[in-house]
Every structure is written in structure tokens, then in C-alpha cells.
Amino acid sequence: MKKLLFLPILLMFLACGSKESKQDNQGLTETPSQEKELSIETDSIFGNEFSSAEVKSNSEMLAFYQDLKPGDTLSVQFQSQVEGVCAKKGCWMKLNLAEGRFAHVTFKDYGFFVPKDSQGHQMLVNGIAFIEQTDVKTLRHYAKDAGQSEADIAKITEPELNYRFIAEGVRAVR
């Protein structure tokens, strides 16, 4: 069970890694740390605006994820509670699915963030759902990097499937 929790946490930290600065048309450099600090109390739309259509619940999304195979994608909207968010930038969030499962949500082309105070709030996401399979070698590498014991690393014997979502737009639900 620890192995199942470790990988999504590690992936979240890796997703928050440094990103090259973007240059605007005037040649000035703007980095994400210089952008306006978002708050769930004052901001409600992130990324591209979208119309709500056939919004799935978290339990419906879990059923969709369970039917996907690596390489499959599904364009969908779903609403769920934020269980975790990148505390550094808001560059990812973890949405609750049913049965103790979660979807790791990142944002298209690293083009926007969500408020770091989003945890516990409902969000509606619009984008692409898919699963990723992480092989044993990579899982063991992550475990070694995290300082796990050789005995724990040796217990990693099977690949893991992770529920992923790339959002083009996100809306806080009030």
C-alpha cells in the first residue's frame, strides 16, 4: 500500500520542478513566481473558459478510468473535491475519485495554475483523462531517490497504473 501512495506523491513533486521562463513580446522575462497570487476566495476560472456539458461525478470518473488502457484518452469534464495541490506553485492538483483513488491533474502546456489554497474545495475540470503505467525499474528508481531501504525497493515487483488528467480549463464550484 505504501508503494501505491509513494508514486503519486513523487510525481507531484517532480511536476513542480523548475520550468523555463516565458518571454513576452517586449523581451521581458516573466516567471510564474512573478505572477499574481491566486486565491480560491477571489478567483474562480483558470486556463481556458468552457461551458459545462455532461459533467461526470467522481465515481463515474473512476469507472471511466478503470475501463481505460495505456494509450487510451477520454475528453471529459468532471467535478470533484481537491485532495491536494502543489504548495509551491499550484502547478498540479489531486482530485478525489471514489474508493480512495485519486486523479493527478496537471495543466495543458504548463499554461496556468490553480490557487494553492484550493484543497477541500470543489473543482470542475475540462480536459483529457488517461492512465499511465510506470514500470518496475522506474518505480525502484523513484524509491531509491526517496531514500527507501533496499528491502522496500526489493518489494517493488509490479508496474503501477496512475490516473492522470490534463486540464485545459478549471472552474472553482461555489
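The values are calculated or read from the model by the stated rules, or taken from the named source; none is laboratory data. From a predicted model like this one, the values you see are computed outputs, not experimental measurements. Glycine gets a Cβ as well: all are built from the backbone with ideal geometry, and neighbour counts include every protein chain shown.
For Thr138, the conditions (1) closer than 30 Å to Thr42 by Cβ; (2) in contact with a Pro (Cβ under 9 Å, 6 or more places away or on another chain) are fulfilled apart from (1).
Would you confirm whether or not region 114-121 contains a residue that is under 14 Å from the mean Cα position of the chain (by Cα), small (Gly, Ala, Ser) and assigned to a loop (DSSP other than H, G, I, E, B)? Within region 114-121, one or more residues are under 14 Å from the mean Cα position of the chain (by Cα), small (Gly, Ala, Ser) and assigned to a loop (DSSP other than H, G, I, E, B). Residues that are modelled with pLDDT of 50 or more, over 19 Å from Met93 (Cβ atoms), of a type outside the set (Gly, Ala, Ser) and in contact with a strand residue (DSSP E or B) (Cβ under 9 Å, 6 or more places away or on another chain) occur at least once in region 37-56. Applying a threshold of 8 Å to beta carbon distances and a minimum spacing of six or more residues, or different chains, the list of pairs starting in region 146-174 at a residue that is closer than 27 Å to Phe130 by Cα and ending at one that is part of a loop (DSSP other than H, G, I, E, B) and of a type in the set (Val, Ile, Thr) reads Val170/Val114; Ala172/Ile40.
Could you tell me whether any residue of region 50-67 is under 13 Å from the mean Cα position of the chain (by Cα) and crowded, with 20+ Cβ neighbours inside 10 Å? Spell out the reasoning first.
First, the residues of region 50-67 that are under 13 Å from the mean Cα position of the chain (by Cα): none.
Checked against the condition, which is being under 13 Å from the mean Cα position of the chain (by Cα) and crowded, with 20+ Cβ neighbours inside 10 Å, region 50-67 yields no hits at all.
Within region 135-143, one or more residues are aromatic (Phe, Trp, Tyr), out of contact with any Ser or Thr (no Cβ under 7 Å at 6 or more places or on another chain) and either in contact (Cβ under 8 Å) with a residue 12 or more places away in the chain or within 25 Å of Gly71 (Cβ to Cβ) (or both).
Say whether the condition of being within 21 Å of Leu68 (Cα to Cα), in contact with a Ser or Thr (Cβ under 7 Å, 6 or more places away or on another chain), of a type in the set (Phe, Trp, Tyr) and outside any helix (DSSP H, G or I) is met by at least one residue in region 162-171. It would help to see each step written out before you state the result.
At the first step, the residues of region 162-171 found to be within 21 Å of Leu68 (Cα to Cα) are 162-168.
Filter again for in contact with a Ser or Thr (Cβ under 7 Å, 6 or more places away or on another chain), leaving 162, 166.
Adding the requirement that they be of a type in the set (Phe, Trp, Tyr) leaves none.
Within region 162-171, not a single residue is within 21 Å of Leu68 (Cα to Cα), in contact with a Ser or Thr (Cβ under 7 Å, 6 or more places away or on another chain), of a type in the set (Phe, Trp, Tyr) and outside any helix (DSSP H, G or I).
This table checks each residue for (1) surrounded by 23 or more Cβ atoms within 10 Å (Cβ to Cβ); (2) more than 12 Å from Gly47 (Cβ to Cβ).
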{"site": "Ala87", "(1), (2)": "no, yes"}
{"site": "Ala98", "(1), (2)": "no, yes"}
{"site": "Arg101", "(1), (2)": "no, yes"}
{"site": "Val105", "(1), (2)": "yes, no"}
{"site": "Lys108", "(1), (2)": "no, no"}
{"site": "Phe112", "(1), (2)": "no, no"}
{"site": "Ser118", "(1), (2)": "yes, yes"}
{"site": "His121", "(1), (2)": "no, yes"}
{"site": "Val125", "(1), (2)": "yes, no"}
